[in-house]
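Where a number appears in this text, it was derived from the coordinates with a stated rule and is not lab data. All values reported here derive from a predicted model rather than from experimental measurement. Glycine also receives a Cβ, built like all others from the backbone with ideal geometry; neighbour counts cover every protein chain displayed.
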Amino acid sequence: MKIVETGILSHGEPGTARAALTFPSVVALSSAALLATLRAGSTKDAADETVELHRSDDGGRTWRALRRFSFDETIAGARGTLKVCYLTELAPGHLIAAAMWVDRTSYPGQPLFNPTIRMQYHCRSRAVVRLTHTSHARSLVRP
């Protein structure tokens, strides 16, 4: 793989429900547009987290937010949040999404991970997209 382009998908906003942006994912559409999802929340693991959808029409150089997804329903009586979402284009104009839902009722206030462990490279909250080019991902890069 070779990194052919980098860019900032979105910046975190300290003190808000968008302070910590994590888990970015990008899909190249047959139209040459790129769609990206990311997880936004006030902390890395927060009960206010949700998934956002963004779009780029210039190969990932610039992005615009399309919408924030919320999950207001319960599953088996439990309230939860969306943690991550992956998109796949089945055919032009037809997408399917796979999302991870986190149960926030069964273990209220309990973290999903050890919050004291931090990665060295995590210096501030932002979602970074790196577009790569391989024989299987040619659609990510347009001349």
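Close amide H contacts of Ser10 (hydrogens built in the peptide plane, cut-off under 5 Å, sequence separation of 5 or more or a different chain): Ala127. In sequence order, segment 37-53 has phi-based couplings of 10, 8, 9, 10, x, 6, 9, 4, 9, 10, 5, 9, 5, 7, 10, 10, 10 Hz under the Karplus curve 6.51 cos²θ - 1.76 cosθ + 1.60, θ = phi - 60°, and Gly or Pro positions carry x. Most tightly packed first, judged by the mean number of other beta-carbon atoms within 10 Å of their residues, the peptides 51-60, 88-97 read 51-60, 88-97.
Taking amide hydrogens as modeled 1.01 Å from N in the peptide plane, which residues meet the under 5 Å criterion relative to Glu5, leaving out close sequence neighbours? Hits under the 5 Å cutoff: Leu131. Other residues lying with their Cβ under 15 Å from the Cβ of Pro108 contribute a combined charge of -2, Lys and Arg counting +1, Asp and Glu -1. Between Cys85, Met100, Trp63, the Cα set farthest toward the positive side of the dipole of segment 29-113 (charges on each charged residue's Cβ, about the Cα centre) is that of Trp63.
Amide H contacts under 5 Å for Phe71: Leu82, restricted to partners 5 or more places along the chain or on a different chain, H placed in the peptide plane at 1.01 Å from N. Coupling constants for segment 65-70 follow from the phi torsions by the Karplus curve (6.51 cos²θ - 1.76 cosθ + 1.60, θ = phi - 60°), and in residue order they are 6, 9, 5, 9, 8, 10 Hz; glycine and proline get x.
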